[in-house]
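Have a look at the structure below, then the notes.
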């Protein structure tokens with residue numbers, strides 16, 4: 001007998017995020033829109049040297065641009081909350097997948113330099129549960145998957161550290177998928 005599979009769509013009016021969850025006995029995944037992402041610098045959003053906004057084509061993708069050149073030492077991040085619907089059983093997080101494209105006149109001048117997942121319960125600390133320092137140069141469009149192995153205790157946030165050699169470079173984010 002084949003394993004039952006169910007699919008559902010849930011709209012989160014609080015976050016404005018559309019989630020799609022697919023489950024089977026073997027694996028569950030939740031798919032996220034990048035549109036609720038925020039740019040964050042080393043001391044919070046006020047120190048961000050990047051900006052995020054919907055892209056034109058399609059407007060459900062997100063474009064990240066720098067307001068000035070950004071190096072790896074500038075610690076510029078894009079954060080995206082990953083809300084898992086209560087109806088999806090969470091045993092453990094096994095991977096995260098990020099789809100992106102880089103638009104740049106010079107190859108390797110813009111890239112994602114780090115992929116991180118944090119788990120937060122109280123507002124004073126977020127524990128790093130996944131930290132992948134692999135540089136993602138694209139150019140894309142492409143997707144990459146980073147394996148994980150942890151059971152979340154609170155809310156999950158995806159952190160993407162970004163680097164831009166100049167202000168004409170763009171990183172475009174598409175689908176984000178969390179594997180449970």
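Read-outs throughout are calculated quantities, based only on the coordinates presented, and are distinct from any laboratory measurement. Just so you know, these numbers come straight off a predicted model, no measurement behind them. Because the Cβ atoms are built from the backbone with ideal geometry, glycine has one as well, and the counts that use them run over all protein chains shown.
List of remarks:
- Relative contact order for the stretch 34-179: 35 percent, from Cα pairs under 8 Å spaced at least 6 residues apart, divided by residue count.
- The alpha-carbon positions of the stretch 76-139 define a convex hull whose volume is 118 Å³ per residue.
- Cβ-based exposure ranking for 57, 143, 99, in which fewest neighbours within 10 Å come first: 57, 143, 99
- Relative exposure of 164, 150, 137, judged by other C-beta atoms within 10 Å (fewest first): 150, 137, 164
- Förster radius 25 Å - calculated FRET efficiency between residue 142 and residue 43 (Cβ-Cβ, nearest 0.05): 0.20
- Whole-number D in µm²/s for the stretch 129-176 (Stokes-Einstein; Kirkwood sum over Cα pairs; 20 °C, 1.002 mPa s): 160 µm²/s
- Paramagnetic reach from residue 149 (point 7 Å along Cα→Cβ, amide N under 15 Å) across the stretch 83-102: 92-96
- For peptides 79-90, 33-44, sequence by mean Cβ density within 10 Å, most packed first: 33-44, 79-90
- Between the stretch 134-168 and the stretch 23-68, the C-alpha centres lie 10 angstrom from each other.
- Reduced Cα scattering model of the chain, Debye log10 I(q)/I(0), q = 0.10, 0.15, 0.17, 0.19 Å⁻¹: -0.39, -0.86, -1.09, -1.33
- Spin-label pair residue 175-residue 91: with each label point 7 Å from Cα along the Cα-Cβ axis, the two points sit 2.3 nm from one another.
- Footprinting exposure proxy for 55, 77 (fewest neighbouring C-beta atoms within 10 Å first): 55, 77
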